[in-house]
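Just so it is clear, none of the values below were taken in a lab; they were calculated from the coordinates. Just so we're clear, the structure is a prediction, and the values are computed from it rather than from any experiment. Note that we place each Cβ from the backbone using ideal geometry, even for glycine, and neighbour counts take in every protein chain shown.
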Amino acid sequence: MLDVVTMGETMVAMTAENAGSIKYADRFSKHIAGAESNFAIGITRLGFNAGWISKVGEDPLGDFVEFSVRGEGVDVSELKRDSERPTGLMIKEILSKDRANVYYYRQNSAASALTTSDISEDYLKQAKYIHLSGITPALSKTARDTFFKVLEIAAKHKIKVSFDPNIRQKLWPDEQKMKTELLKIVKKADIILPGIEEAEILLGIKNPEKAAQEFYQLMGGIVVLKLGEEGSLVYDGKKMEKVSAFEIEEVVDPIGAGDAFAAGLIAGFLRGMELKEAVKLANLVGAYCVTVKGDIEGLPSWKEVEVIQGKKSEMQR
């Protein structure tokens, strides 16, 4: 049985070793990069079973993605290989400790060719949660149709859906279409995880409390508004509460924090935590993730979480 299923593209990321423009970079490290696979790996490290649906090319980069995700304990039995399209690629430059740029080479990638026939209802209905991001419906029309097919199956089987808008404006043809599509998805979700900047883009509202209330009016579920260094604002229609950020000494690589946050939140719910406690866990996991370079390298295990929380002592030798 699976606790969580997610679906979305994972690329190979080439990250410049030194800070600054990639124009002058001559050394890169190779990683995997995908919001949904980051999330799935986070879930497995926190002690639960996750499945990931996607497509990669029949190429060495596709091999690398598949082996990496499988090696983290994620179920990849629904991963398809495409002989006609390549695995997506992204190049990342680190400009400073809290700024990074990414360049995508994912047009006509294997994952952009996801279709409804790639979805197994029997596979999805095992899950207690389905986690999705706003990246997938931006990839292509067929990927969008597949995304909404997953939402239909979730509704049919009463599976809770968590949704991170994860706005990537470069992937959308225009801003109005992006807003329309993402708000349509928000209305179908049980849990939404927008950042405060995403709230302003989608709703035109800067005030966090008003944005949380407006999102709730649209979807009637749990709204967790990410406020960066200020923590998170939580609203479930009854109570609005701010949850402080987890403090860390230094941000090394900010990419992947939102995916780690989502994994922490859903893992908290799976452990039976109340909303505020689950958000505290999400803040911890999201913060811990950015302390090292790479999207997944800093994702903590459940044992590490307990050590950080002071519930267990760390064995040094």
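Rounded to 0.05, the FRET efficiency of the residue 297 and residue 180 pair, given R0 = 30 Å and the Cβ-Cβ distance, is 0.25. If only the Cβ of Lys and Arg carry +1 and only the Cβ of Asp and Glu carry -1, the dipole of the chain around its Cα centre is close to 560 debye. Across region 197-209, computed HN-Hα scalar couplings (Karplus, 6.51 cos²θ - 1.76 cosθ + 1.60, θ = phi - 60°) run 5, 5, 4, 5, 5, 7, 10, x, 10, 8, 5, x, 5 Hz from first to last residue, x flagging Gly and Pro. Between 211, 262, 111, where does the largest GNM mean-square fluctuation fall for the chain, given springs only between Cα atoms within less than 10 Å? Sorting by GNM fluctuation, first place goes to 211. Other residues with beta-carbon under 14 Å from the beta-carbon of residue 103 carry, at +1 per Lys or Arg and -1 per Asp or Glu, a net charge of +4. Helices in the chain, meaning DSSP H runs of at least 4 residues, each add -39500 (n - 2.57). Divided by all residues, the mean residue ellipticity at 222 nm is -11000 deg cm²/dmol.
Along the axis of the charge dipole computed for region 43-92 (Cβ charges of +1 for Lys and Arg, -1 for Asp and Glu, origin at the Cα centre), the listed residues 87, 44, 69 are led at the positive end by 44.
Other residues whose C-beta falls under 11 angstrom from the C-beta of residue 153 contribute a net charge of +1, scoring Lys and Arg +1 and Asp and Glu -1. Distances between placed amide hydrogens fall under 5 Å for residue 110 paired with 57, 87, 88, all partners being 5 or more residues away or on another chain. A straight chain from residue 236 to residue 200 at 0.36 nm per residue would run longer than the Cα-Cα distance by 11.0 nm. Here the 3J(HN,Hα) profile of region 215-223, calculated from phi with Karplus coefficients 6.51, -1.76 and 1.60 at θ = phi - 60°, is 4, 4, 4, 6, 10, x, x, 9, 10 Hz, Gly and Pro shown as x. Taking 169, 107, 213 in turn, the Gaussian network model of the chain (Cα-Cα springs below 10 Å) assigns the largest fluctuation to 169. Along region 80-87 the Karplus relation, 6.51 cos²θ - 1.76 cosθ + 1.60 evaluated at θ = phi - 60°, assigns HN-Hα couplings of 9, 10, 10, 7, 9, 10, x, 5 Hz to successive residues, with x for each Gly and Pro. What the Cβ-Cβ distance of residue 29 and residue 115 gives, at R0 = 30 Å and to the nearest 0.05, is a FRET efficiency of 0.35.
Could you tell me the relative contact order of the chain? Use alpha-carbon pairs under 8 Å, at least six residues apart, and round to a whole percent. This gives 16 percent for the chain.
Out of these labelled values of log10 I(q)/I(0) by the Debye sum over Cα atoms at q = 0.10, 0.12, 0.16 Å⁻¹, [x] -0.62, -0.85, -1.30; [y] -0.59, -0.86, -1.50; [z] -0.52, -0.78, -1.48, which was calculated from the coordinates shown here? So the calculated entry is the one marked [z].
Using the beta-carbon distance between residue 155 and residue 58 and R0 = 41 Å, what value does 1/(1 + (r/R0)^6) give for FRET efficiency, to the nearest 0.05? Spell out each step's value before the answer.
Details: r = 34 Å, r/R0 = 0.82.
Rounded to the nearest 0.05, the efficiency is 0.75.
Compared with the alpha-carbon gap, the fully stretched path from residue 70 to residue 141 is longer by 22.8 nm at 0.36 nm per residue. Going 7 Å from the Cα of residue 80 along its beta-carbon direction, which residues of region 151-186 have the amide nitrogen within less than 20 Å of the resulting point? 151-154, by backbone N distance to the label point.
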